Amino acid sequence: MRLIFIADVFGRPGRRALARLLPGLRERHAPDLVVANAENSAGGAGFTRDTAEELLAAGVDLLTGGNHSWDNRDGAAYLETAERALRPDNFPPGVAGRGTAVLPLPGGRELLVVNLQGRVYLPAIDCPFRRADSILADWGGRGPVLVDFHAEATSEKTALAHHLDGRVTAVIGTHTHVQTADARILPGGTAFLTDAGMTGPHGGVIGITVETALHRFLRTTPRRFEVSQEAIRLQGALLDFDPDSWRALALERLDLPLED
Ligand SMILES: [Fe+2]
Ligand SMILES: [Fe+2]
């Protein structure tokens, strides 16, 4: 079985790259499922019902989220009832939305998708390691498991991947918007990529224009950021796994330019 994971879709450039490039990826790789992180899909900050539905209509089966999932009020409201949009699971009780979904695979099989968020250089939410343990205990090894671990620190991501090695099919990191070159299969059979990168403009500073990013660093005062339009790419990962043993067979980075 094959799954395409699409890294953080950033603003309109990211949505355009996904809509234009996903059909070709579908044709070339014939994935059984497509999962995309949508936390930045509306102007780079959060998502809206419209941007979520646009991504789903473009061929994404499930949207994951992150620390920006609540930036847009419309998107936060959408999370309350959304069937195909997750936010990190390890937020406190009472927070809108949910962090896991079960997706149908061919042959009556099912895939569990788990969205978690790290705690290093991010708010001190519940422990993602222990939350993963309890989710997997509930799942009871019914089938393959994909984890989108939305975290800043490479150490925390690598540690979670080892913690889950042999218990999940893949751990794919998101959030930094910079793709790492370390796709590999861990000794227990779990595929791991520290960060899948960003689907959006790579000419600025992790999605925003150089000018607005520099203002923040040089003047240390807030300034509304602008979405960059330069060097748009689709990034993510291509995962092959065995549907019976649910072990990962291969994990490859995806990194394609949007040609105009
Ligand atoms: Fe992001
Ligand atoms: Fe993030």
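The values are calculated or read from the model by the stated rules, or taken from the named source; none is laboratory data. This structure is a prediction, so every number in the text was calculated from the model and none was measured. Cβ coordinates were reconstructed from backbone atoms using ideal geometry, including for glycine residues, and neighbour counts include every protein chain displayed.
Residues that are within 21 Å of A237 (Cβ to Cβ), part of a loop (DSSP other than H, G, I, E, B) and in contact (Cβ under 8 Å) with a residue 60 or more places away in the chain within region 32-80 comprise D32, E39, N40, G65, G66, N67, listed in sequence order.
Among the residues in region 81-101, are any modelled with pLDDT of 95 or more, part of a strand (DSSP E or B), within 16 Å of ligand 2 (Cβ to nearest atom) and under 18 Å from the mean Cα position of the chain (by Cα)? Yes, region 81-101 contains at least one residue that is modelled with pLDDT of 95 or more, part of a strand (DSSP E or B), within 16 Å of ligand 2 (Cβ to nearest atom) and under 18 Å from the mean Cα position of the chain (by Cα). When the test is whether a residue is touching a residue at least 40 places away in the same chain (Cβ under 8 Å) and either crowded, with 20+ Cβ neighbours inside 10 Å or outside any loop (DSSP other than H, G, I, E, B) (or both), R20 passes it.
Out of all the residues in region 229-244, which are more than 12 Å from M198 (Cα to Cα), surrounded by fewer than 19 Cβ atoms within 10 Å (Cβ to Cβ) and touching a Pro at 6+ places or on another chain (Cβ under 9 Å)? Reasoning before the result, please.
Keep residues of region 229-244 that are more than 12 Å from M198 (Cα to Cα), which gives 229-230, 238-244.
So of that shortlist, the ones also surrounded by fewer than 19 Cβ atoms within 10 Å (Cβ to Cβ) come out as 229-230, 238, 240, 242-244.
Within region 229-244, Q229, E230, L238, D242, P243 meet the criteria.
Considering region 45-58, the residues that are within 14 Å of the chain's Cα centre (by Cα) and of a type in the set (G, A, S) include one that is nearest to D8 (Cα to Cα), namely G46.
Is at least one residue of region 210-230 under 20 Å from L116 (Cα atoms), within 16 Å of ligand 1 (Cβ to nearest atom) and not hydrophobic (A, V, I, L, M, F, W, C)?
Looking only at region 210-230, we keep the residues that are under 20 Å from L116 (Cα atoms), and these are none.
No, region 210-230 contains no residue that is under 20 Å from L116 (Cα atoms), within 16 Å of ligand 1 (Cβ to nearest atom) and not hydrophobic (A, V, I, L, M, F, W, C).
Restricted to region 47-59, and to residues there that are out of contact with any Phe, Trp or Tyr (no Cβ under 6 Å at 6 or more places or on another chain) and surrounded by fewer than 22 Cβ atoms within 10 Å (Cβ to Cβ), the residue that is farthest from R224 (Cα to Cα) is G59. Taking region 249-260 as the range and being in contact with a strand residue (DSSP E or B) (Cβ under 7 Å, 6 or more places away or on another chain) and either over 16 Å from H29 (Cα atoms) or part of a helix (DSSP H, G or I) (or both) as the test, the residues that pass are P257, L258. Residues in region 3-17 that are within 13 Å of L256 (Cα to Cα) and not in a helix (DSSP H, G or I) were compared, and the one that is nearest to ligand 1 (Cβ to nearest atom) is A7.
Residues in region 113-132 that are touching a residue at least 24 places away in the same chain (Cβ under 8 Å), exposed (fewer than 14 other Cβ atoms within 10 Å of the Cβ), on the phi < 0 side of the Ramachandran plot and not hydrophobic (A, V, I, L, M, F, W, C): 1 in all.
Of the residues L164, L193, the single one that is surrounded by 17 or more Cβ atoms within 10 Å (Cβ to Cβ), within 16 Å of ligand 1 (Cβ to nearest atom), of a type in the set (A, V, I, L, M, F, W, C) and more than 21 Å from V227 (Cα to Cα) is L193.
Tallying residues that are of a type in the set (S, T, N, Q), touching a Leu at 6+ places or on another chain (Cβ under 8 Å) and more than 16 Å from ligand 1 (Cβ to nearest atom) within region 68-110 yields 2.
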